1. Taking into account only those residues within the stretch 24-44 that are farther than 20 Å from residue 107 by Cβ and touching a strand residue (DSSP E or B) at 6+ places or on another chain (Cβ under 8 Å), which is least open to solvent (accessible area, probe 1.4 Å)?
2. Conditions: (1) over 28 Å from residue 15 (Cβ atoms); (2) small (Gly, Ala, Ser); (3) touching a strand residue (DSSP E or B) at 6+ places or on another chain (Cβ under 7 Å). Residue 166 meets all but one. Number of the miss?
3. Name the single residue, out of those in the stretch 45-59 being open to solvent by 60 Å² or more (accessible area, probe 1.4 Å) and part of a loop (DSSP other than H, G, I, E, B), that is farthest from residue 32 (Cα to Cα).
4. State yes or no: is residue 63 open to solvent by 80 Å² or more (accessible area, probe 1.4 Å) and either touching a strand residue (DSSP E or B) at 6+ places or on another chain (Cβ under 9 Å) or farther than 23 Å from residue 91 by Cβ (or both)?
5. I'd like the full set of residues that are assigned to a loop (DSSP other than H, G, I, E, B) and touching a residue at least 24 places away in the same chain (Cβ under 8 Å), limited to the stretch 13-36.
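The values are calculated or read from the model by the stated rules, or taken from the named source; none is laboratory data. Computed from a predicted model, the values in this text were never measured in an experiment. Please note: Cβ atoms are built from the backbone with ideal geometry, for glycine as well, and neighbour counts cover all protein chains shown. We work out accessible area using only protein heavy atoms, side chains counted, and drop any ligands, DNA or RNA first. Shrake-Rupley method; radii C 1.70, N 1.55, O 1.52, S 1.80 Å.
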Amino acid sequence: SHFGFCLGVQNAIERAYETLAANPGKRVFMLSELIHNPFVNEDLQSRGLKYLQSDKGVPLVEEATGRPYWDSLSDRDIVIIPAFGARDEDKLRLIERGLPIRQFDATCMLVEKVWKAARRYGQQGYTVVIHGKAEHEETKATFSNSAKHAPSVVIRDMKEAAMLGAVIRAESAE
């Protein structure tokens, strides 16, 4: 609350509030948490926003039916892609249900910039090394996008970076 949000997150928050206000009576979902900010997420939920899955990708269940929200999605619903972006598999699931993905895509422009760089490096023959937590939405989305264009690997910390370096050095020594 002291420093505000980066431009990409601010844009995603505004998009969520605007979408809720412009679509009364419609079910409005966010693929997963908009941002890692409980105050903002709880406020959006109090206004009717629902999440399709947890931040770990686990489908969330509708209380009334006990079924995952994913199972009841239709082209009458709205699904907003959060600032972190989305895996290609999730985008495909939305398209298969007749939902537009571009109209409600709040992916941060800096996240997309990383995806474009990964594509460019992949086209040049490089392997993409992603530093992040493999279970984090942004890391999963980045891996999903980079793996289409280049061999890609996720490393979590310096220990894993050192292990990867050892593998690379061992291969180049042969």
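1. Among those that are farther than 20 Å from residue 107 by Cβ and touching a strand residue (DSSP E or B) at 6+ places or on another chain (Cβ under 8 Å), it is 27.
2. Residue 166 satisfies every listed condition except (3).
3. Among them, the one singled out is 47.
4. yes
5. 23, 26, 27, 31, 32, 33, 34, 35
Conditions (1) touching a helix residue (DSSP H, G or I) at 6+ places or on another chain (Cβ under 6 Å); (2) within 18 Å of residue 143 (Cα to Cα), marked per residue:
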residue: 7; (1), (2): no, no
residue: 17; (1), (2): no, no
residue: 21; (1), (2): no, no
residue: 25; (1), (2): no, no
residue: 46; (1), (2): no, no
residue: 66; (1), (2): no, no
residue: 84; (1), (2): yes, yes
residue: 101; (1), (2): yes, no
residue: 115; (1), (2): yes, yes
